[in-house]
Each structure stands twice: as structure tokens, then as C-alpha cells.
1. Multiplying the sequence separation of Lys328 and Ala356 by 0.36 nm and subtracting their Cα-Cα distance, what value in nm do you get?
2. Points 7 angstrom from Cα along the Cβ direction at Lys610 and Asn509: gap in nanometres?
3. Roughly how many debye, to the nearest 20, is the charge dipole of the range 614-679 about its Cα centre, given +1 on each Lys and Arg Cβ, -1 on each Asp and Glu Cβ, and no other charges?
4. Just to confirm, what accessible area per residue do you get for the range 629-676 at 1.4 Å probe, in whole Å²?
5. Full-extension gain between Gln34 and Thr585, please, as 0.36 nm times their residue separation minus the C-alpha to C-alpha distance.
6. Give me, ordered by chain and number, the residues 5 or more places off Ile47 or on other chains with an amide H under 5 Å from its own placed amide H.
7. Pop the C-beta distance of Asp497 and Asn543 into the FRET formula with R0 = 25 Å and round what comes out to the nearest 0.05.
8. Estimate the FRET efficiency between Lys374 and Leu527 by the formula 1/(1 + (r/R0)^6), using the beta-carbon distance for r and 30 Å for R0, to the nearest 0.05.
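The values are calculated or read from the model by the stated rules, or taken from the named source; none is laboratory data. These figures come from a predicted structure and were not determined experimentally. Positions of Cβ are generated from backbone atoms using ideal geometry, with glycine treated the same way; all protein chains shown enter the neighbour counts. Ligands, DNA and RNA are excluded from the accessible area calculation, which covers all protein heavy atoms including side chains. Shrake-Rupley method; radii C 1.70, N 1.55, O 1.52, S 1.80 Å.
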Amino acid sequence: MIITAFLALCTPSLAAEQSNLHLMPAPEQLELRQGKLRINGNFSVTIAGNHDPRIISAISRMIQRVQQKTGIPFAPSTVIVPAPQEAVLQIHCGDKKETINHPTADESYQLEVTERGARLSTASPTGILRGLETFLQLIDLDKESFFIQAVKIEDRPRFRWRGLHIDVSRHWQPVDVILRNLDGMAAVKMNVFHWHLSDDQGFRVESRKFPKLQLKGSDGNFYTQAEVKMIVSYAYDRGIRVIPEFDMPGHTTALIVAYPELAGVPGPYQIERSWGVFDPCMDPSKESLYVFLNTFIGEMAALFPDPYFHTGGDEVNGKQWDASARIKAFKSRKKFKNNSDLQAYFNQRLQKILAAHGKKMIGWNEILHPALPKSVMVQSWQGQNSLIESARMGHDVILSRGYYLDHMRPASFHYGIDPGDIAGLTNEESARIIGGEACMWAEFVNPDNIESRIWPRTAAIAERLWSPQDVKDVRDMYRRLEYVSRELDALGLKHQDNHLAMIRRIAGNQSIIRLKQFADLLVPTGLGPRQRSRKYYSYTPLNRLVDAVFPESDTSRHLNDLVDDALIKKSYSSESSLLIREMLTGWIDHESLIEIKMLIEESFLLEEIKPLLEMVTELSQKGFEALRYLESQEKPPEAWQIESADLLTRSEKPIAEMLPAIAIPIKKLIEAANALPER
Ligand code: ACM
């Protein structure tokens, strides 16, 4: 973001810190001006140029949100006024032709705000959608009224593919969840919804040509074609393309339950109820498979208007291919050296079918093969290598490695992953890296907690993909992320509400103040450790504290920032470290412990957190003592050093599938105390 202060030209990060604006994603260029545009009952909007219906509906949604943000009711007749010069917000949209749902839509916009009014100008309707989100994020309040800071913004995305992938197979997600996530995506200017509609655990779309798919493969949880059309249109209105994914030839158990004749082994088959990589797989040697796929893809191609169509292709274990004499004979007839060659053959056939239905193919990076047609796009999830290799081999490619939300990493981790950070590529090759996607795999998410796993962290990924590469100040990102999280809450997303509802349920609807404070010190473990901790099934309740706690502990991050500042300044007196002491004593303090212990006694869902409470108390005690050593500059005795090292080691082992996030800043205090010189 280039922010120019009124008189002085600042470096981007300095200017961002000086500014109180909370735009996310940060715009490409922002010039702060003097003055404020007051938002009052006279608020009005006018449109000149292109009157695309999407602009009209976007304006009416925007007006509702301005009303909601300010509480000021606007009379309908003042909303779109005929005389442009009198409107508070003037919208000018050029006539640049946009191909519907095209990945090269022009999303750029200019927004100029003065004391007298605001003007949003773009070449195309999609730019208006993006600019209106910026306009909404600028609304603030001071002692006098609601206002928008005078600014001049020129903005455009760095990457043209900024996606969110949601798996609706492993746990079903109803329509309202999808719609709310689309609202969230639009608010942070994301433009691709990648809908993972089939996997071993469920086939989730109504097919009229092959109704057994939903009848036998979905447990009754699938989207009707009318629902799909409504969702696609809702997304389109918000400038979001919808890419369906039907994973094949592996991850197809649910599909094969319906049509076992498509597999290489006769079965019988059942919908998969657990997590992992499974054997059922389509048999690429059967001509009847391609007949089926041609009809099926033809039907789905008409339902999903986007030119791209995702066919998965990940984690084919090849066991059924190796077990079938027919497939082995086919491989040797075709002179295929291995299963990768066989999958490449399947993908070539698939690509031709997709092309015949007007679709471009995308697949996970396992599809990469010298025989893969160059028109196929690759989604890199296993490492930078596949990103580089795809670009070198001539494929467009997007990055998802580092954007897996189910790994429960902090926003700062995802924020540090940049698809543009790849060295050693020519300009032509780099240009093939067209963006990235956050991935919400659903082994451990259900409608109760999916939003708290996606938001607000995905906003940090959205910024990485939209904003200039030099926007990377982590503290400033978190400052704005907290704001955006509240905005998303106001927009109707349930990442906060559902989290509280889950904690209330765990507490038997008792007062949750203490439990909530405690939960805010913890983080859940990610997919791998949870899967290793016990056997999970799709029907295992996700109603424990690990399912409710946020993926990231804001309390621990705030403590961490305070500790970092104290360590840098070497300032540990009771006064300068007051906040740190307060945060730590909260968990040594008798009253809160008694209250939470009483809750634990009354809820079977809390029994497992007893040792975690002890761990947090021990950590807080040690952190407090470390601070005392630092204040007195007295090196701790050896026994204390051994004890604290043991505590830190124990704190890295999950309890009830959670970790105490405060261990990170406390470790810094302990290490600094241990590093004090002998006196
Ligand atoms: C994947 O995570 N199996 C694409």
C-alpha cells in the first residue's frame, strides 16, 4: 500500500502505522487528504455510465450496510438521486465489456473522498463491487458524527485468482453457511469460491441424469440444482466465481457406492465414515467410464457457468489399479510404466471431455505429468516444487500450500506465504502463477465451527493475494484483522456467535465468562495431530472445547507483543510490565480458578481440560517468576531453570487435543531470565 500523507510522502509501512484506517486488504495506493466526509441522513448515491444490474443490487446492499453501521435510516427516495452533482457518493462505471465469470475481469477502481462527497470510478462493474467494500470499511465515527476520512485510493489486485475452497463432503454444510461465507469473501475482495462437492464421505449435488449419486451417496445431504443456481447467482452478484470440484479418479467412494461398475474392483462399497486416503477408485481402462463422465460433466457444466471445472486428482493410492488384472493388462498394452502414466491417460481423456463442454480443467498437483495438456491449470498443495514445476512446464498454477486452514496455524503464518516469492523463474513463467486459495477441509468442521476456522484468518490470505507485496507488517495486519473480524460479525458471519454458543453448550448454559477467558488462551491442534490422537468418524460429535476454541489465541498474541516489547526495551519494572503481570496473575488468581473448577465438576465435556488448567496455572506462575528475575536482574537458580525447561517441554504436548498458546510468550520470558549473567 502506498499511503501519502497530506504533506509528506511516507514509506508504505510507516504510513500504514500512522494511519488509523483499517482497510483490509490494503489498497495499492492511498493518499490521505485533509477533511472528513460526514455521513448523515442526507446520504445519497447516484450512478452514471454502465447500469449493470449487479451495480444496482450492490448499491442497495451497500446502503443497507451503511444504515446498519450508522443506525441512520435512509428514506428510499433519497437513495439513488437523479442529479449526480448532488449525491454524496457518485458512481461512474465505464462500459468495458466483461465476460461473465471470467477470471480476467477488471477489478480495479478509484475512490476519491473529499469533504463534499465521494466518487467511485471504474472501467467495469466488478471494480464497483470492490470499491464499495472499501467505501464501507472507511466509515468511522468521531465526537461529531459518522464520517469517512478524505482519501484518494487507486486500487487493483496483485493476483487475479483469490479463492476459498470449502469441503462440503466430509461434513455437510447447509446453504446458509455457504451464503455467509460468500458474504465474507466479498467483504475482503476474494473472487473464487472453490466448492469441493464430492469425496469419499459424500456426493453433494443433485444429478438428474444419475440420481443414484445423491440417493445413495449423500445420506440425504446434497444441494438441489435450484439451490446450486441460487448460490452461483448470489456469488456472481458479489463478483465471485464458483468452481465446482468433483474429485476423481480417487476420493470417489461416495460416487462408487452409487455406480460400483465405474470402479476397478466390484465392491460392495459403503460411504466412508472416517478420514484418510482410501482405495475405491475409478477404472480408467473402462470406456463406459468416459461415457458416464461425458454425460455427468455435460449436466454439471450447464449448472456451473464458470469456464473452469476442478476434477481433483489428488491422493490416488493405486491399490485397486494394482489389484486388477484387467487394469494391469491395459497398462501394459498402452506401455504405461506406472500408475502416474495411467492417471495421465485418464486426465487426457477427461480434459477432452471438459473441453467439449466448454470447460478448462483444474486439478491438484498430483495431475502434473509431461503428458498433461498445457491448458490444464494446477493447484499446488504439496509444496513450492509443484508450483515452480507447473509454471516451468507451461501451466497456469495457484498456490494452496501454506493456506490450509485446517492446520490451525495463526493468520501471521498464512500471511507470510506469498505465491509471488518464488525465485528462479523467468517473467513468462512467473506470470503463470495467478494466485492462491485458502482451503477449508472439513474433517473437523461442521456448521457450528466452520466459520470460526475460516474467519477472520482468511482475510489475511485475501490481503496477501490482493495487496502489494510490500504490505507485510504483521502487527498492523492484526490491528486491521481485529477490525475486519467485527465487520464480518456485523455482516452476519457466525464465527463469533457460534463460538460463544458452543462454549455455552459445553458449560451447560452456566455463565461462561471465566471459561471463555480460559478458552481464549488455548488453540486447537491441527488435522494431523487430531487424527493421530483418536479414531474419528463423520458422526463423532464435534462438541468439545477443542472444537470451539478459536484457531488463534488473541490473548496470547497480545501477551506475546507485550513480552517482545519488554524484552527489546529491557524494561521489566512492575510499572512497565503491569499488563504482563495482570495477564499472568489472572491464571494464578484464586477466584478465577475456583470458578472454573466448579464448572469443570459439572460438565462431562470439561473433565478432560483439568490438566490443561493446571498447565496454564503453572505456566503463568513461572512467567511471573521469570519477570521477577528479569526485574531484579538476578539469574534464576539451577533448580528453577530445570523445572521451567521441563514445564516448557510438557507444554508442547497437546492436552485434550489443545495447546496452551500462552506458552510461547512465557517461554520467551523464561529464556530471557535463564540468559541473565551470573552475578
Ligand atoms: C488435498 O489436500 N488432498 C488436496
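1. Numbers: separation 28, 0.36 × 28 = 10.08 nm, distance 2.91 nm.
My answer for the length gained is 7.2 nm.
2. 2.7 nm
3. Charge dipole, the range 614-679, about its Cα centre: 160 debye, nearest 20.
4. Value returned for the range 629-676: 48 Å² of accessible area per residue.
5. Gain on stretching Gln34 to Thr585: 193.9 nm.
6. Amide H neighbours of Ile47: Ile91.
7. Values: r = 16 Å, r/R0 = 0.65.
According to the calculation, E is roughly 0.95.
8. Efficiency computed from Cβ-Cβ geometry: 0.35.
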